[in-house]
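Structure, as structure tokens:
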Amino acid sequence: MCVSNEHFFSLPRAINARELSVNAIIDPGVISNMFSRVPEKMSMILLLMILIFSGCSILYISFVTTNALKEQAREDILGFATFAASQIDGDTIAGIRPGDEQTPAFHAVQDRLIRMKSAFPNIRNAYVIRKQGSAVVFVVDDDYGITSDAAAIGREYLSPSPEMLAGFSEPAVEKDFVTDEWGTTLSGYSPVRDAGGNIVASVGVDVDKELVVAKQNVINWTSYMIVFLAILMAVFGVLGVEQVRGKLMKDLKDRETRYHALFEETFDAILIIVNGKYTDCNSSAERMLDGTKGQITGKTLWDLAPEVQPGGRRSSEIAMERLTLALAGKHQRFEWMQRTLAGREFDAEVSLIRIQIDGTVAVQAIFRDITEKKKAEEALRQSEEKYRSLAEASPNAIYIINRDASIAYANTYALGMLRKRLSEVRGKSLMEMFPMDDDGKQIQIIVGVFQHGNDVRRDDRLRTADGKERWLSSIYTPLKDDAGRVTGVLCVSYDITERKVMEQQIASSLREKEYLLKEIHHRVKNNLQVISSLLSMQADKATDRNVIDSLTDSQNRVRSIALVHEKLYQSKSLDQIDYGDYLNKIVVHLFNTYNIKPSKATCRVNAENTFVDINQAVPCSLIINEMITNSLKYAFPGERSGEITIDFHADSKNYILRYHDNGIGIPPEISFEQSDSLGMKLIYGLTQQLNGTVILSREGGTTFTVTFPRLQK
């Protein structure tokens, strides 16, 4: 039962005059003549009788109407409860448990209750309850999270009434007002069933007592006012009856004038049919039928129509059948091919209704030209057919999803994937027909599209009817009506199984290559370590200090290169290394090699989050190795101590290395152009190899500034 807001708690059906024993329309002239023939005392007695009869009648009407209003309120509450129960998914209710207040299932039921309640402002509360043993507990309260006294899931309702308990088996409504912690209300209940028809809960609706009582008070006060007005009318009515009759006659004439104007000025053609022939028509009929009233009257309905209608039946046969039904009191509305007096044919919508004119039974015929409407419908049909053809011919799965996540339409490709017919798919759950790995995420996407109206793209894996696994890339697009409301979701899914397989193959191949490259870097590092060990053994056997120093320097250079490869096979990236971490390790190695105590020299490295390509890391490492070695060997002679600072960073185009020690400094006679030092030659030569520049400053010690461009990928 669907109860509209317009009639909810409306007055009961009109009580006709026969039920009130009033069934006479008294002519004002008769009343005037009657009172002119009776003595004055009789007039007073008659007036008193009229007053008494009027008062009793109005009080009786008030009594009957008040009772009918209360009964109507109970029927309306019962109707709303029944309607609300039919809109609640019993399977969803059965799955809600205490603590599920934040789940999509709870919010879906709560939102549905709130939307239904907002359409019926007289309803105060709407809620879902269920039996738990002998107790009645709440499942969904529409005010949960909105008001402080709302009931959570599992909260017991104290002292349930017999009607509330009866509402778990059939619709029931309280016989009188019920007072609980939420106030005094008139309540109704109706059972909620799951898909198997089992009763799993009950929907309850409440209406405030004050609302019903207020409407009853309005009726009572209205009755009292009517009694008072009836007395005044009775007192002054006798004297003014002729004046009233004159006014009524004038109003009747004015009304006739207005209706005649309406008859003439309406856009639709209106014709009067008596005994099968037109006897009158308005000006719109003259324009529509290309003739005058004199030319139209006397014609029959089928005279102004082709001999055969589009359905193949004769016009005269259809017209006589429709007229017979209209004269029997059955309103007729149908489409009709009309012909004007000039012979032009057009589509019309015809309405035939029985009327009476001066006691004569007639038929009023209303014609409306629907030629443009037909053209629009045909254009719409062709447009729908075109888009349907496009959808059916698409090599992708296309389907439309309703608000409840059921399938409204699926094209041929989608049906072929499911190996089902459209009749087997329509109305079924999307998750049932297209089972994905993550059905919960799929539901969230659909709900999100309905709520926010945005497109969503997602890749999913499903198992088709033939048992094969497929990957689908799906785009969920909202379908909106003219008001901008989302009425459905269009989903277009295309098969990306081959692409996924290729991606997996490529990923597997890349992993294999990464393992191989890491193994290569590991072996290069091991080989360089072997060379470093050989140089160390050779240095141990040598006796000449110059030879030992040369071998140690060479060993350090090999170690700096080996450390680059070590960082690479330990890194996630195989083409660049974290240079800040590398610099710290090479500094520690060289300080240990030359047995430098912290009291003698310290080194501070500033190179966080700077990554260098392997092709530049090796020469740059050799440059830094030479700079640190030079400082540790020569910058702090004797008891002199000092500090080394290495700043390495990058801008959008270049790497900048600034190396500084506060030692004695490089003598002025030593330069990159004129030096026998292998270290200086290596610094200059490797900088040229990096396509960079190096600047030497002797202020406050020794400062090297090396700038070289970053490799662009």
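What follows draws every value from the coordinates through simple rules; no lab data is involved. Computed from a prediction, not measured in an experiment: that's the story for all the values here. Cβ coordinates were reconstructed from backbone atoms using ideal geometry, including for glycine residues, and neighbour counts include every protein chain displayed.
Here the 3J(HN,Hα) profile of the stretch 583-591, calculated from phi with Karplus coefficients 6.51, -1.76 and 1.60 at θ = phi - 60°, is 4, 4, 5, 5, 5, 4, 4, 5, 5 Hz, Gly and Pro shown as x. Spatially, the stretch 619-687 and the stretch 70-131 are offset by 81 Å when compared through their Cα centroids. Inter-label distance, Glu75 to Gln689: 10.1 nm, where each label sits 7 Å from its Cα along the C-beta direction. Pairs of lysines in the stretch 394-495 whose Cα atoms sit within less than 22 Å of one another amount to 6, provided the residues are eight or more positions apart or on different chains.
For Phe450, Phe704, the sequence from fewest to most other C-beta atoms within 10 Å is Phe450, Phe704.
Couplings 3J(HN,Hα) of the stretch 169-178, computed from phi: 10, 7, x, 8, 9, 4, 6, 8, 5, 10 Hz, in residue order, whole Hz [Karplus 6.51 cos²θ - 1.76 cosθ + 1.60, θ = phi - 60°; x for Gly and Pro]. Note on Arg193, Arg457: ascending count of other Cβ atoms within 10 Å places them as Arg457, Arg193, the fewest first.
Assuming R0 = 60 Å, what is the FRET efficiency of Ile146 and Asp647, from their Cβ-Cβ distance, to the nearest 0.05? Write out the running numbers ahead of the final one.
On the way: r = 61 Å, r/R0 = 1.01.
After rounding to 0.05, the efficiency reads 0.50.
Placing pseudo-labels 7 Å out from each Cα toward the beta carbon at Met537 and Arg97 gives an inter-label distance of 7.1 nm.
With the simple spin-label model, which puts each label point 7 Å out from Cα in the Cβ direction, the Ala328 to Leu341 separation comes to 3.4 nm. With the convex hull of its Cα atoms as the shape, the stretch 271-375 has an orientation-averaged projected area of 6.4 nm². Taking R0 as 25 Å, what FRET efficiency do you get between Thr292 and Glu385 from their Cβ-Cβ distance, rounded to the nearest 0.05? Plugging the Cβ-Cβ distance into 1/(1 + (r/R0)^6) gives 0.05.
Counting other C-beta atoms within 10 Å, and keeping those with at most 10, which DSSP coil GluC sites (Glu not before Pro) do you find in the stretch 160-202?
Glu181
In terms of surrounding Cβ atoms within a 10 Å radius of their Cβ, Ser190, Ser161, Ser599 rank from fewest to most as Ser599, Ser161, Ser190.
Remark on Leu479: its backbone amide H falls under 5 Å from those of Thr487, Gly488, Val489, Leu490, a criterion applied only to residues 5 or more positions apart or on other chains, H modelled at 1.01 Å from N.
Note the count of lysine pairs whose C-alpha atoms are less than 20 angstrom apart in the stretch 575-713, limited to pairs 8 or more residues apart or on different chains. Intermediate values should be presented prior to the final figure.
Numbers: Lys585/Lys597; Lys585/Lys600; Lys585/Lys633; Lys597/Lys633; Lys600/Lys633; Lys633/Lys681; Lys653/Lys713.
Within the stretch 575-713, the lysine pair count is 7.
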